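I have placed the structure first, in the form of structure tokens, so that the comments after it can refer back to it.
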Amino acid sequence: MESHEKDVKNGGRALDNMAFEMTNDEVVPQAVPSLSKLRDLDDLFPYIGDFGWYQRILFLLMIPFGFFFAFVYFSQIFMTVVPEQHWCFVPELKNLSVEERRHLSIPLTQNNQYDKCRVYDVDWKKVLEDGVTQPDANWPTKKCHKQWEFNFTDVPYETIATQLGWVCDRDNYQATAQSIFFCGAIVGGLLFGWIADKYGRIPALVGTNMIGFIGGVGTAFTNDFWSFCLCRFLVGMAYDNCFVIMYIVVVEYVGPKWRTFVANMSIAVYFTFAACLLPWIALGVADWKIYTLITSVPLAMAIFTPCVVPESARWLISQGRIDEAIKILKKCERINGKKIPDAVLKEFRDTATEIAKSEQEIKNYSVLDLFSTPRLRRNSVLLLFIWTAIAMAFDGHVRNVGSLGLDIFLTFTIATATEFPADILLILTLDIVGRRWMSFGTMVICGIFSLLATTVPLGIPSASLAIVGRFCVNISYNIGMQYAAELLPTVVRAQGLALIHMMGYLATILVPYIVYMATIATEIPLLILGTIAIAGGCLCMCLPESTGKEMPQTIQDGEDYGRGQKFWEMPVFSKRTKAVSAEISKI
């Protein structure tokens with residue numbers, strides 16, 4: 001399922017033939033030319049409406065799921081963040097002021113900063129009895145033991161990391177917990193993918209959000225590292241599917257010419273707004289447990305999904321449940337004020353029966369068929385590496401905001417807000433520039449600006465350059481799965497996209513540790529992410545262009561895809577060449 005769900009990711013193209021151009025959805029059914037053959041569900045949209053009130057309502061119903069996605073993905077950042085300044089706590093000095101206590105008990109580093117992980121090892125009772133107020137640099141030191149103090153100026157609330165002391169020797173706990181979250185995503189993808197294929201998209205959508213609800217609420221009551229990791233594993237099982245299943249169900253009910261708009265605007269508006277809201281919720285409640293509950297309890301609303309969201313008509317048809325699919329489509333026509341002629345409806349029943357039979361034939365293929373012929377094998381391997389690079393660069397930029405030398409809450413908001421203009425730019429330019437050049441350009445620019453951010457001082461200069469990198473990788477991320485769906489043959493597209501998506505999950509397990517390397521040197525994460533982005537972008541140039549091309553159906557189609565294309569080919573120039581040729585032929 002998961003791969004089937006991703007086939008139209010951010011580009012609005014379903015697995016089946018999407019080349020059919022729809023007429024204006026305001027035209028009444030009687031005015032629509034009779035179709036010689038209904039090839040699939042898309043050919044029915046002139047009769048039920050491309051984007052009428054039924055689809056608009058579904059588009060609005062995506063709002064809570066867009067919020068759920070942002071909450072599941074980003075909320076852990078603000079429940080494990082650690083203030084920049086912390087030092088050992090000495091119980092014997094608790095009656096002194098914070099400044100006096102720190103000055104007396106904490107040694108200075110070579111940079112004349114208070115050491116975060118060491119304390120003077122002396123008899124503090126005797127020191128107090130002797131009236132000593134100035135430390136002696138020759139005093140012995142030792143590592144802190146379990147208790148720290150934090151300067152809550154930059155992070156003005158307790159987090160689980162500050163409560164449990166995830167600093168110094170345990171400062172990798174946040175990265176480990178985040179990696180366990182992505183391990184949960186792998187399990188969730190497999191489990192809910194199977195549920196979606198076996199029992200339907202809506203049961204899977206309810207299940208994935210409910211497991212996220214259980215794990216999120218449980219997180220608020222954890223009191224040690226391993227119980228926290230268990231709960232985050234459960235929340236990780238909801239990652240992606242908590243929104244994407246709804247996303248695909250809605251996109252399937254929208255006419256082809258509206259899919260790019262619906263697919264991108266749901267991300268640009270709903271997901272981006274919710275993500276930008278997260279840091280301010282954390283600051284507003286100033287309590288990590290309440291914050292966790294606020295971002296977890298709403299997922300329980302998914303229990304009402306079957307009451308308001310229809311099952312995927314494509315899935316129903318693939319299961320041979322054609323009457324149920326037609327019932328939903330007739331409801332769509334009624335709300336949109338349309339009418340499906342009886343002859344068309346009868347023809348669609350016959351077509352749906354053929355589609356159901358062909359779905360059974362597709363099951364005879366496996367993901368191994370992607371590697372059965374030379375050119376298809378090359379493209380499949382490239383797609384695996386490219387998506388790995390995109391996923392790592394995107395997630396790395398998301399999590400590295402705390403190492404840019406500015407307020408993490410403001411920086412996260414600004415960086416996340418770049419998703420909106422990125423999606424708008426993508427809608428306006430993707431079909432002009434093309435998948436290949438757009439992927440290459442945005443990934444390479446992301447890499448260049450990531451590397452440049454390491455050459456300037458921390459603060460506004462480095463953050464500004466890193467945010468430009470984030471803006472570019474947003475575009476790459478939104479192209480990624482659409483590009484893969486257009487290159488892989490229909491007979492193995494679902495399984496191929498699942499494999500590619502799983503590679504992204506595996507890659508993001510490593511990202512928290514890349515970001516953690518900022519504790520060694522703040523430049524390291526961006527150096528690694530920049531290099532990965534540039535490498536991934538260059539690999540895109542080895543793929544064929546898919547803009548405006550029919551998607552391959554068979555393994556042989558996949559093998560032959562892109563033969564004869566020139567390296568410098570770009571859709572905008574191809575269209576001009578065709579237009580000039582047409583004019584010349586008229587002369």
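The values are calculated or read from the model by the stated rules, or taken from the named source; none is laboratory data. Treat the numbers as computed from the prediction; the structure is a model and nothing was measured. With ideal geometry, Cβ positions are generated from the backbone for all residues, glycine too; neighbour counts draw on all protein chains shown. Note: accessible area is taken over every heavy atom of the protein model, side chains too, but ligands, DNA and RNA are not part of it. Shrake-Rupley method; radii C 1.70, N 1.55, O 1.52, S 1.80 Å.
Report, by residue number, each residue of region 188-227 that is of a type in the set (F, W, Y) and more than 13 Å from A302 (Cα to Cα).
In the first step, residues of region 188-227 are kept if they are of a type in the set (F, W, Y); the result is 192, 194, 199, 213, 221, 225-226.
Once the filter is applied, which keeps residues that are of a type in the set (F, W, Y) and more than 13 Å from A302 (Cα to Cα), region 188-227 yields F192, W194, Y199, F221, F225, W226.
Take the conditions (1) open to solvent by less than 30 Å² (accessible area, probe 1.4 Å); (2) at pLDDT 95 or above; L451 misses just one of them, which is (1).
Would you check if there is a residue in region 464-485 being within 29 Å of V155 (Cα to Cα), at pLDDT below 90 and either in contact with a Ser or Thr (Cβ under 7 Å, 6 or more places away or on another chain) or open to solvent by less than 10 Å² (accessible area, probe 1.4 Å) (or both)?
From region 464-485, those within 29 Å of V155 (Cα to Cα) are 464-474; that's our starting set.
Applying the additional criterion that residues be at pLDDT below 90 yields none.
For region 464-485, residues within 29 Å of V155 (Cα to Cα), at pLDDT below 90 and either in contact with a Ser or Thr (Cβ under 7 Å, 6 or more places away or on another chain) or open to solvent by less than 10 Å² (accessible area, probe 1.4 Å) (or both): absent.
Hey, T295 hits all of (1) polar (S, T, N, Q); (2) in a loop (DSSP other than H, G, I, E, B); (3) in contact with a helix residue (DSSP H, G or I) (Cβ under 6 Å, 6 or more places away or on another chain) but one; which does it fall short on? Only one criterion in (1) polar (S, T, N, Q); (2) in a loop (DSSP other than H, G, I, E, B); (3) in contact with a helix residue (DSSP H, G or I) (Cβ under 6 Å, 6 or more places away or on another chain) is unmet by T295, namely (2). Consider region 82-110 and keep the residues that are part of a loop (DSSP other than H, G, I, E, B) and closer than 15 Å to T519 by Cβ. The one that is most open to solvent (accessible area, probe 1.4 Å) is E84.
Whenever a residue of region 87-107 is β-branched (V, I, T), its partners that are at pLDDT 90 or above and open to solvent by 60 Å² or more (accessible area, probe 1.4 Å), lying with C-beta atoms within less than 7 angstrom and at least six residues away or across chains, give the pairs I106/Y114. The C-beta contact set for region 211-231 (first residue closer than 14 Å to S75 by Cβ, second residue part of a loop (DSSP other than H, G, I, E, B) and among the small types (G, A, S), distance under 9 angstrom, 6+ apart or interchain) comprises G212/A238; F213/A238; G215/A238; G216/A238; C231/A220. Taking the condition more than 23 Å from V206 (Cβ to Cβ), polar (S, T, N, Q), open to solvent by 30 Å² or more (accessible area, probe 1.4 Å) and in contact (Cβ under 8 Å) with a residue 24 or more places away in the chain, does T260 pass? Yes, satisfied.
State yes or no: is T305 hydroxyl-bearing (S, T, Y), farther than 19 Å from K198 by Cβ and assigned to a helix (DSSP H, G or I)? So that I can check it myself, show each step before the final result.
Working: hydroxyl-bearing (S, T, Y): yes; farther than 19 Å from K198 by Cβ: no; assigned to a helix (DSSP H, G or I): yes.
Here the answer is no, as T305 does not meet what is asked.
Restricting attention to region 547-587, and to residues there that are open to solvent by less than 60 Å² (accessible area, probe 1.4 Å), out of contact with any Pro (no Cβ under 7 Å at 6 or more places or on another chain) and within 19 Å of T373 (Cα to Cα), which single residue is modelled with the highest pLDDT? Per the criteria, the residue is E559.
Take T176 and decide whether it is in contact with a helix residue (DSSP H, G or I) (Cβ under 6 Å, 6 or more places away or on another chain) and either in contact (Cβ under 8 Å) with a residue 40 or more places away in the chain or of a type in the set (S, T, N, Q) (or both). If you could, list the steps in order and put the result at the bottom.
On the way: in contact with a helix residue (DSSP H, G or I) (Cβ under 6 Å, 6 or more places away or on another chain): no; either in contact (Cβ under 8 Å) with a residue 40 or more places away in the chain or of a type in the set (S, T, N, Q) (or both): yes.
No, not satisfied.
Considering only residues in region 310-338 that are β-branched (V, I, T) and open to solvent by 10 Å² or more (accessible area, probe 1.4 Å), the one that is modelled with the lowest pLDDT turns out to be I322. Residue-level check: of (1) of a type in the set (G, A, S); (2) over 30 Å from F78 (Cβ atoms); (3) free of Cβ contacts under 8 Å to residues at least 60 places away in the same chain, S464 misses just (2).
For every residue, the table says whether it meets (1) within 30 Å of A494 (Cβ to Cβ); (2) open to solvent by 10 Å² or more (accessible area, probe 1.4 Å); (3) in a helix (DSSP H, G or I).
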| site | (1), (2), (3) |
| --- | --- |
| T413 | no, yes, yes |
| F420 | no, yes, yes |
| L426 | yes, no, yes |
| M443 | yes, no, yes |
| L458 | no, yes, no |
| P461 | no, yes, yes |
